[in-house]
Each structure stands twice: as C-alpha cells, then as structure tokens.
Amino acid sequence: MSYRQSTVVTVKLRQTPNKDGWYLYIEAYPYFKPGEVTPSRYIHMCGRVIHTPIFDHNRPTRGRHDGTASYKVKRDINGVIQCRAEIDTQSCIYAARVAADMQKEFDMKPLFNSDDAKALAQAERDKADFIEYFNRIRVERHKNDSESIKINWKRVGELLPIFSKGKPIIMSTINAKLMENVKKFMLTAPQGGTKKGTLSRNTASTYFAIFKAGVHQAFIDEYLTVDIAAKIKGITEQESRREHLTLEELNPLVQTPCDSPILKRAALFSALTGLRHCDIQKLSWSEVVRVGDSWRLDFTQKKTGGVEYMPISNQAYALCGDRTDDDRLVFDGLQDPSWISVPLKRWIEAAGITKHITFHCFRHTYATLQLFKGTDIFTVSKMLGHTNVRTTQIYAKVVDESKLRASGAIELDMGDI
C-alpha cells in the first residue's frame, strides 16, 4: 500500500515588480486536487506587502534568475518571518496564523470530511481573543487613516482590557448581552492620559461605534458566525454647541498680528473654505488649480477619503502665499493641532475675543456664515465634504437661533397704540 506525502504549508515571499517590497503568500505542497494523483502547488496570496524582512546572509539560496545573490529569510522559533518594522511583523504573524489554519485543514483531511474540517477550523476561531484580534486589525487596516482615527482606535483597544478586567474576550462569548455591557461601560469609562473623570457621551458614542466596527469585522473574517454588531444600537450623541466666529469678530482678527504667520493664514483659509486642519496641512500646490479666472481645489479628504472639487475665492487663494513647485505644500510648516493651541489662544485673546476658539472652529465659522448669508444647506454640505446633509443641519440650527435673537433686537415704544 502506498501513502501520499503529507502536505506542508509555508509562508513565503515574492518580490514586488518594482522591487521595493515583498508579497506575502502561502504555499502548500504537495497539493492534490480532487480526483487527481499528480501533486501540484497550492498558492494563496495573503494580500499583504512587507518592506523590512530580515535575511540570513549565512544561508544563501540558489540565487535569482538575474544572477544576483539571494538569501533565506530569518524566522523565529515559531517559523514566523522576522522583520525590522512592527507593522511588517504584524503582517507576518497574520500570514502565519492563516498558514497554521490551512495546515490543520490539510492534516485533518485523511481523518475528516470537508464539513468536519470547517467545523474544526471554526472551533479554533471561536477560541481566539477578540482584544488581541482588535488590536491587530487596528494596526493592519488603519495605518493610512488620519491621526485622530488611529488615536480613537488605540484608545478603544486600551479600554477593552479595563472592561474585561484584564481577561481575554473570547470570540465565542461575544453576544448581544456582552455588547450591551460594553455600551454601558463606555458611558462610564475613564478618560485617557492625565485627564480625570469619565468620557463625554459623544466620545463614548464614537468609541462604542469603533467597538461595533471591530465586531463586524470579526464576522467578515469568519471569527463570528452571526453579525451581532448589526443588531445592536449605538449610543445616541448629544447635540453639541459648534462655537464659531461672527464677521464682527473675524474682521478684527484679520488685522491682529499672530506669533505664527503660517497659522494665521491657515486659520483664515479655513474660515474662507471650510477645510479641516488635516486637509490644509497636506494641501500641495498641484491641488490648487486655475479654472478660467478663478481657482479650485482638487484634493482627497483625509478624514473621509472622498475626492473633492472645491472652488475658492480670490481672497482664499491670496492666503496661500507665493506659488512654488507642484509637489511643495501650500502651508509648508503648519504644525499639528497640539502645537498650535498656545499661539492660537494668544492670537484670539489679542483680538479681544473671549470665546474658546480652536482651529476647527474656523471650519464651523465657514459653515455658519455661509448659511447666514443665504447659501442653501445642500450646497454648504457639499462644500464641507459631508456625506450626509444631516451632519450640516447642526449649523442651520445655530443660524436659526441667531435669526430668532435678531427678530427681537428692535423694540419700539408702542405706548397706548
């Protein structure tokens, strides 16, 4: 009686066409297709590219087709490819886990049918720790998001062990009751860093939505057999006040010197265009396009990823300064929000303004003044890059309140009329 050679599953590398990285792929050999006796290779691409694998120069291979030397990649004791960058390491760990699951399926084939193998694989996924999974996808899938999004995901990853009291959250234990308990926890969860007290309701709403997104992704990745997240309502946000500047406050601000000229130009540019700080900070001259006698911004929103075509006024263009090379930043040198709060505060106070104004308030100013001047809400919504006009309606309420106050500003002495 002859026996088939056992299938071995291995994570391997294949250099990208431009040779600046390596594809992670899984090879299974020998692989026997149903009904065939001749072995072949089964290749599964992991959908990951790494850039910092560590090669063992003491273990050369047969060399590349072009004659250059090549070496075997270093692996740890568990066979995981070693890398210098943490994000590449996480990708290799992911590939190793996929390979391990695949190896188990091949090992079980002589003993079980395909349905049994699937059930066994699901049983293994049921034992996985959701917190570990959540932090892994946070690193893998949100590396290109804005800093605010990455910070929010990181904070949720820090809060989950507090909720679970340091214990894993096993995938099989995730149900409606657990998710409702996480919702209650978020409403009383502590703030991070040096801040005291509990989360605001709106922050709790954001964090719980991120938790739900993680649970939904676990369903997509087949760790969960039911999309539980779709059945759980989020935390309703409280309507917050959007602080803004009036024209009477904005004009004196224009005339007031600022410690940081680049900050002043960027803030006023936001008031004239409604752009967020993150979009102004990365705006390049190639995205400022002349159309006839006017100017337009052709850019991609960092927060939403939406492609925007926004006409801007001549005043807004003048705030951009002298035009340079297309690949240069328009507001080169504009610092992150955490670094501009102090000079911004001094500038606001020097103009005699007592409101608490952050950089984002200039975006609120743009929206509020546009509506106050009669621009319809749908146009303002598009100019702000909102995906839903309901997001813009908060500004309309501010305008309505201003109009209501204005209606009672003139009072006559009616006497006995």
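The values are calculated or read from the model by the stated rules, or taken from the named source; none is laboratory data. What you are looking at is a predicted structure, and each value in this text was computed from that prediction instead of being measured. Here the Cβ is made from the backbone with ideal geometry for all residues, glycine too, and neighbour counts use every protein chain on show. For accessibility, only protein heavy atoms count, side chains too; no ligands or nucleic acids. Shrake-Rupley method; radii C 1.70, N 1.55, O 1.52, S 1.80 Å.
How far is it, in nm, from the label point at Arg97 to the one at Tyr29 when both lie 7 Å from their Cα along the line to the Cβ?
2.8 nm
Can you tell me which of 91-104, 321-334 comes out highest on packing, and rank the rest after it, using the mean Cβ neighbours within 10 Å?
With the highest mean Cβ count within 10 Å placed first, the list reads 91-104, 321-334.
Which whole-Hz ³J(HN,Hα) couplings does the range 314-320 yield from phi under the Karplus relation 6.51 cos²θ - 1.76 cosθ + 1.60, θ = phi - 60°, glycine and proline marked x?
Calculated HN-Hα couplings, in order: 5, 5, 5, 5, 4, 5, 6 Hz.
Using a 1.4 Å probe, what is the accessible area per residue for the range 139-196, in Å²?
Per residue, the range 139-196 has 60 Å² of solvent-accessible surface.
For the pair Phe55 and Gln315, how long in nm is the line joining their label points, each one 7 Å along Cα→Cβ?
5.9 nm
Taking the simple approach of a point 7 Å from Cα along Cα-to-Cβ for both Glu158 and Ser338, what is their distance in nm?
1.0 nm
Which length gain, in nm to one decimal place, applies between Asn202 and Gln122 when the Cα-Cα distance is subtracted from 0.36 nm times their residue separation?
So the extension gain works out to 25.2 nm.
From the P(r) of the range 150-290, could you give the percentage of C-alpha pairs in the tail past 19 Å?
Counting every Cα pair in the range 150-290, those more than 19 Å apart make up 65 percent.
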